[in-house]
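FYI, it's all coordinate maths here, none of it is from the lab. Model, not experiment: these values are computed from the prediction. Don't worry about glycine lacking a Cβ; one is built from the backbone with ideal geometry, like all the others, and counts go over all protein chains shown.
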Amino acid sequence: MNSPAADYYTAERYRALVEKTKNRMLRRYMRAEARFLAKAGGKGKVFIDLGAGYGRLEKLLSRNAKQVIAIDINEDELSELRNRAARLGNVLVIKGDVTKLSAALKEIPDDAIFLIAQNTLGTIKGGHMKVLRELKKVSKGQHGIILSLFRQPALEEQGIGMYTSLKTMVGKPDFSKTDFKKGVFVTKNGYKSKWWTDKEIKQIKAYFGGCVVSEVIDPAFWIVYLLPEN
């Protein structure tokens with residue numbers, strides 16, 4: 001987490017409020033993301049999980065890949081991430097800033113798939129373009145990119161209900177700063193999340209070029225597997 005709400009964003013709260021959520025949209029999203037990642041992987045692949053947090057996805061990823069490289073910068077979450085990695089065996093944890101990816105990763109396997117899950121791209125401090133530029137810089141050959149994002153049209157109708165169920169973690173909505181048209185959600189704790197317009201999604205595709213291997217387009221979220229242009 002990259003906001004003043006970080007103190008509230010713990011592995012314990014995340015498991016209780018997100019992994020065990022009763023919010024229908026969030027449950028649907030996590031199921032779709034898990035199915036997508038299982039199909040995208042393979043025993044010859046390496047997932048590079050950017051902003052891995054405390055390791056919510058690492059067990060799933062480790063079952064569907066030769067190796068997982070999990071990157072995060074939050075020391076509190078890294079502690080739990082390292083504990084989980086130790087139990088899995090094929091997960092390497094790196095403390096690093098995903099906005100400086102080329103510095104964090106000294107060597108990148110040829111069969112790597114970069115992953116930014118559960119709208120992590122929308123919460124990056126300093127803006128998402130820093131991460132996308134780094135991804136474009138380091139992705140070569142057959143490297144894949146998987147992006148999983150919330151969609152702006154669903155923010156007001158479905159997103160507010162989701163965030164209300166998470167208020168003890170992210171804080172109460174600040175409607176004076178939230179901008180539904182631009183897809184920007186802000187809480188009184190300072191938590192900020194970007195939900196992506198259709199125009200922005202098209203721009204992200206165009207930025208990487210190449211081809212779309214597979215994608216899921218739901219009214220509330222978008223998940224895509226890209227092979228960028230060399």
Exercise for the section: Sort 215-224, 66-75 for me by packing, meaning the mean count of neighbouring Cβ atoms within 10 Å per residue, highest on top. Expected result: 66-75, 215-224
Handout entry: the chain: Rg to Rh, with Rh as the Kirkwood radius over Cα pairs
Key = 0.93
Practice task
Could you name the lysines whose alpha carbon sits less than 26 Å from that of K66, not counting residues in the same chain fewer than 8 places away?
Solution key: K39, K43, K45, K95, K100, K106, K136, K137, K140
Practice task
For the range 55-96, give the magnitude of the charge dipole about the Cα centre (Cβ charges: +1 Lys/Arg, -1 Asp/Glu; no others), in debye to the nearest 20.
Solution key: 320 debye
Practice task
Quick one: dipole size for the chain, taken about the Cα centre, charges +1 on Lys/Arg Cβ and -1 on Asp/Glu Cβ, in debye to the nearest 20.
Solution key: 340 debye
Fill in the blank from the handout: The aspartates and glutamates whose Cα lies under 15 Å from the Cα of K181, excluding any fewer than 8 residues away in the same chain, are E156, E157, D198, E200
Practice task
Considering only DSSP beta bridges where both residues belong to the chain, give the percentage that are antiparallel (nearest 5).
Solution key: 45 percent
Problem - Label-zone membership for the range 120-142, site K202, 7 angstrom Cα→C-beta point, backbone N under 18 Å - result: none
Completion exercise
Row for the range 63-123, column shape: gyration tensor on C-alpha, a ≥ b ≥ c, rounded if a/c < 1.5 i.e. under 1.5, prolate if a/b over b/c, else oblate; value rounded
Handout entry: For the chain, built as a Gaussian network whose Cα springs stay under 10 Å, the top-fluctuating residue of E200, E107, E157
Key = E107
Problem - the chain - mean residue ellipticity at 222 nm from DSSP helices (-39,500 (n - 2.57) per run, n ≥ 4, rounded to 500) - result: -9500 deg cm²/dmol
